[in-house]
Amino acid sequence: MAYIRWGIRLAVLLVVLACVGVGAFNAVVYPTHGLDGFTAEDYEKVILKASALYAVSVGMSLDGILESDFRTLGPGKANFAWGIVSLRDKSNGRYRLWVSLQRFGDQWSRASSTVYPDNKSLGLIVDPWDRMLFLKDTEPNMSKTRLELDLLTREQVRRFREYMRTSL
């Protein structure tokens, strides 16, 4: 019986450590990954760099920037950059990527470190995997829950893949 209790405690500890690790990655490591050394005037280069890192993680290539905008809140305050970038997949299909970045002090970062797909700093504007989440006569709507968990998992895996492919 004592072995089972220790096994359960160990399993809980491992789950907690994994959650803390994922949280630390999303809060500290991922937001600024690959965006060092750019000035505020280089906002289009930063948009392209963040887009190129995203493209690597999803097996696409970067075509170029379609639109961009830069705003500052004033001296000593945050700067923001937004852009739409064109990507191509291996079968030559075109996608548009939304990029949202912010700059505090001397460091650019992705505007959101949240994993939730509706609050992404980088995301395909028309995602080929987006589906209708509500099905008729489904209570509780497990279909929506499964799809939301799938989106969360897919985004987290993509972030780890981006980091691993571009850091080593």
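The values are calculated or read from the model by the stated rules, or taken from the named source; none is laboratory data. Keep in mind that what you see is a predicted model, and the values were worked out from it rather than measured. Cβ coordinates were reconstructed from backbone atoms using ideal geometry, including for glycine residues, and neighbour counts include every protein chain displayed. The protein model used for the area step is the full one, side chains on, heavy atoms only, and it has no ligands, DNA or RNA in it. Shrake-Rupley method; radii C 1.70, N 1.55, O 1.52, S 1.80 Å.
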The chain - percent relative contact order, Cα under 8 Å, separation 6 or more: 19 percent
Degrees separating the helix 142-167 axis from the principal Cα axis of the chain, which is the longest one: 60 degrees
Sum of -39500 (n - 2.57) over DSSP H runs of 4+, divided by residues of the chain (222 nm, nearest 500): -13500 deg cm²/dmol
Shape metrics for the chain, restricted to C-alpha atoms - Rg then Dmax, Å: 19.1, 64
Among Leu14, Leu101, Leu87: highest mean-square fluctuation, GNM of the chain, C-alpha pairs under 10 Å: Leu14
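Note down the magnitude of the dipole of the chain about its Cα centre, charges +1 on Lys and Arg C-beta and -1 on Asp and Glu C-beta and zero elsewhere, to the nearest 20 debye.
Details: 22 positive and 18 negative charges, 98 e Å.
For this selection, approximately 480 debye.
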For the chain: accessible area per residue (Å², 1.4 Å): 63 Å²
GNM top mover of Leu62, Leu35, Leu17 - the chain, alpha-carbon springs below 10 Å: Leu17
Region 1-74: chymotrypsin sites (Phe, Trp or Tyr not before Pro) falling in loop per DSSP and having at most 12 other Cβ within 10 Å: none
Computed FRET value (nearest 0.05) for Ser68 with Leu10, which takes r as the C-beta separation and R₀ as 41 Å: 0.25
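Can you send over the carbon and sulfur percentage of the accessible area for the chain, probe radius 1.4 Å, protein chains only? Before the final figure, lay out each step's value.
Numbers: 6470 of 10550 Å².
Carbon and sulfur together cover 61 percent of it.
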Dipole of the chain, positive end: most advanced residue of Thr32, Thr145, Val56 [Cβ charges, Cα centre]: Thr145
GNM top mover of Glu148, Glu67, Glu41 - the chain, alpha-carbon springs below 10 Å: Glu41
Residue-wise HN-Hα coupling along region 10-24, computed from phi with Karplus coefficients 6.51, -1.76, 1.60 (Hz; x: Gly, Pro): 5, 4, 5, 4, 5, 5, 4, 4, 5, 5, 5, x, 5, x, 5
Amide H contacts of Gly123 (H built 1.01 Å from N, under 5 Å, at least 5 apart or other chain): Trp98
